[in-house]
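Have a look at the structure below before the remarks.
The values are calculated or read from the model by the stated rules, or taken from the named source; none is laboratory data. These figures come from a predicted structure and were not determined experimentally. FYI the Cβ positions are ideal-geometry reconstructions off the backbone, even for glycines, and counts take in every protein chain you see. Note: areas computed on protein heavy atoms with side chains; ligands, DNA, RNA excluded. Shrake-Rupley method; radii C 1.70, N 1.55, O 1.52, S 1.80 Å.
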Amino acid sequence: MRQLQYNEALNEALIEEMTRDEKVILIGEDVGAYGGVFKVSKGLLERFGPERIRDTPICESAIIGTATGAALMGMRPVAEISFIDFILLAMDQIGNHVAKIMQIAPGLLELPMVIRTEGGVGGGIGCQHSQSLEALFAHLPGLKIVMPSTPYDAKGLLKTAIRDNTPVMCIENKKLYALKGPVPEEEYFVPIGKADVKREGKDITIIATSFMVHEALKAAEALEKDGISAEVVDPRTLVPLDVDTLVASVKKTARALVVHEAVERCGIGAEISAVLNEKAYDYLDGPVLRHAGLNVSLPQNWHLEPVCIPSADSIREKVKSILG
Amino acid sequence: MESLKALDKGLVERMHEGMLRIRLFEETQSRLFKAGEQEGFTHLYLGEEAIAVGACLALNPDDFITSTHRGHGHMIAKGGDFKKMFAELYGRTPGACLGRSGSLHIADRGIGMLGANGLVGDGNPIAVGAGYSIRLRGTKQVVASFFGDGASNQGTFHESLNMAASFDLPVVFVLENNGMSCGTITASVCKVLQNLGDRAVAYGIPGENIDGMDVVEVYRTVGKAVERARAGKGPTLVNCQTFRHHGHFEGDIDVRTPQQIKEAQSHDAVADFEKRMLRDGLATEKSIRERRERIQALVDEAVDFARGAPKAPAADAMKFVYAE
């Protein structure tokens, strides 16, 4: 199958949806001539013009507010906040408006908007450009949250998100943009709310998100040599969470480890662990454990970065300590 | 340009020295970064030297500054130590922030540098708080807040200027107007860009629009604003027109045309000032060359120091989360 980079797959999703529906627009800092900080909107300005590919001033709150207003009036805006760290400037718009408008006026207002952003540690760019803040948004009822880990999922989920009438946050990862993977030429969609078993196994379920899916897969491969068969499940969507797939996997393996880059405390791993505790307790041979980022503000120091987040090696060690 | 003869000779030399210190530090940093000696982000101050130097010469050593993502120049102008700075950029423990904060978040409380900043526009409210503290403590200090034209379109600009004006706080808002909002040409997202100092009218404070490439003009204008602030008469907005010689960050693909970049680089505050010094008999080719060589030797020495300094140990990753 054709190979595309993750950012190219997202770019193609935008092109297809913008070509199909002129109500789809892209708005954000540096999305136009610059082509997006991670080059997701490369070439779109030339293709769709400055009215639909809207460069904005540096003003995250107004970007989300503008997208909200446009969505209320029937457009399908995709708002880009290049680094998720900057989204904290727009928290009021997201928390008090984007997540709530449809519930304030049930059945009367729809908010078909997407907020594209990214997170993750990479390359020594420090604590204000490396956070994984997905859990903040999972705490706000009214938002759907997807975190694609492959080019295939990125394109399929973004297309689905753009057509969804509920606000969707698409949280990408800076280490994934250059990742290549198979993407079909023909149109396809990835459903929101559906997890994906990325690797089958029988001894333990590793539930990993975003870039950590790839580290978990590497770990699973190495664990094979240790005589351990690990299943790797990628929730792909954090809200709504595909509990059935997670429970089904745990029923099979009786062990679960949740891995994410975000700091451990109150991360999405806490929610997943709680859900499995409630829904799969009888099938578990031990507690659901977490392996996540250290509870520290990331130093802008590339020597210390690897210490602060999980890796294939550390996941392998963690699994061995659970089963050993 | 006006003669420098009317100025104190020592002041002229400090202006030249200060600008050269920034220029040679940043040119060296650009080379080192390109050579792959550091990872992460580095945003250089090349082209804008006259603003930091002119403004900081108008401050007392115990006054404060807040900075931007382009913070090396501000730190050097405020008296930053080359060794502590390069050690920070290399992620080494003798760094100004113990090697944990890097280029993007460099700070040194000891010299009144309250911190570079990874969030565009977030220094201004912090400067307001520093100003408020000065008022409460009755110390007659002043705080200068450096920020850019991009930041002037963030909500924090309005909130900060209004509050500082309302409380007559001792803050000087120094707007470095380089015409670029990260990767985007600000003129495409901002209706009135040339005289951003005029926005002061809206807050009932003085506003100035000056040539930010002329260190003397910056020194005089900021000096007047500092005097006003110290006298308890409140803030001033100083819009300094300037040029960014490099891209948003090192390695960036600049959206400006080669012609536009060439034009920006043709405005050189350091070369212009040296011409004036020569013209007015305040320097000779030899004295300028010697000053350059002396400063470059200090830069090189600091780089060697940083290269040889210890890296932060992995065991320290979790240090500093809470006050000791």
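Structure values in brief
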{"item": "Answer residue from region A:41-82, given it is part of a loop (DSSP other than H, G, I, E, B) and among the aliphatic types (A, V, I, L, M) and is farthest from the other protein chains (Cβ to nearest Cβ) among those", "result": "A:M73"}
{"item": "Test: residue in region A:270-277 that is within 13 Å of chain B (Cβ to nearest Cβ), among the aliphatic types (A, V, I, L, M) and crowded, with 23+ Cβ neighbours inside 10 Å", "result": "no"}
{"item": "Single residue of B:A127, B:A202 found to be of a type outside the set (D, E) and open to solvent by 10 Å² or more (accessible area, probe 1.4 Å)", "result": "B:A202"}
{"item": "Search result, residues across region B:227-246 that are assigned to a helix (DSSP H, G or I) and closer than 12 Å to B:F173 by Cβ", "result": "B:A229"}
{"item": "Given (1) assigned to a helix (DSSP H, G or I); (2) more than 14 Å from chain B (Cβ to nearest Cβ), index of the condition A:D85 fails", "result": "(2)"}
{"item": "Positions within region B:161-186 being under 25 Å from A:D30 (Cα atoms), more than 11 Å from every other protein chain (Cβ to nearest Cβ) and among the small types (G, A, S), in sequence order", "result": "B:G179"}
{"item": "Positions within region A:200-231 being surrounded by fewer than 17 Cβ atoms within 10 Å (Cβ to Cβ) and within 16 Å of A:S249 (Cβ to Cβ), in sequence order", "result": "A:E200, A:K202, A:S229"}
{"item": "Index of the failed condition, B:G110 passing every other in (1) of a type in the set (G, A, S); (2) in a helix (DSSP H, G or I); (3) within 10 Å of the chain's Cα centre (by Cα); (4) more than 20 Å from B:D300 (Cα to Cα)", "result": "(3)"}
{"item": "Subset of region A:140-166 (residues that are open to solvent by 10 Å² or more (accessible area, probe 1.4 Å), under 13 Å from A:E8 (Cα atoms) and outside any loop (DSSP other than H, G, I, E, B))", "result": "A:Y152"}
{"item": "Options A:P287, A:P310; residue that is part of a loop (DSSP other than H, G, I, E, B), in contact with a strand residue (DSSP E or B) (Cβ under 6 Å, 6 or more places away or on another chain) and more than 8 Å from every other protein chain (Cβ to nearest Cβ)", "result": "A:P310"}
{"item": "Of all residues in region B:78-102 being of a type in the set (A, V, I, L, M, F, W, C) and either closer than 14 Å to B:L114 by Cβ or assigned to a loop (DSSP other than H, G, I, E, B) (or both), the one that is farthest from the other protein chains (Cβ to nearest Cβ)", "result": "B:A96"}
{"item": "Selected residue (criterion: most open to solvent (accessible area, probe 1.4 Å)) from residues of region B:130-156 that are more than 24 Å from B:C97 (Cβ to Cβ), within 14 Å of another protein chain (Cβ to nearest Cβ) and touching a helix residue (DSSP H, G or I) at 6+ places or on another chain (Cβ under 7 Å)", "result": "B:G155"}
{"item": "Filter result (within 14 Å of chain A (Cβ to nearest Cβ) and touching a helix residue (DSSP H, G or I) at 6+ places or on another chain (Cβ under 8 Å)) within region B:39-57", "result": "B:T42"}
{"item": "Unmet requirement for B:N60, which otherwise passes all of (1) more than 14 Å from every other protein chain (Cβ to nearest Cβ); (2) within 19 Å of B:D268 (Cα to Cα); (3) outside any helix (DSSP H, G or I); (4) modelled with pLDDT of 95 or more", "result": "(2)"}
{"item": "From B:K191, B:K275, B:K262, residue being more than 19 Å from B:F146 (Cβ to Cβ), within 14 Å of chain A (Cβ to nearest Cβ) and either open to solvent by 10 Å² or more (accessible area, probe 1.4 Å) or assigned to a helix (DSSP H, G or I) (or both)", "result": "B:K191"}
{"item": "Residue match in region B:28-41 (condition: assigned to a helix (DSSP H, G or I) and crowded, with 24+ Cβ neighbours inside 10 Å)", "result": "yes"}
{"item": "Some residue of region B:197-210 being within 14 Å of chain A (Cβ to nearest Cβ), farther than 30 Å from B:E17 by Cβ and at pLDDT below 95", "result": "no"}
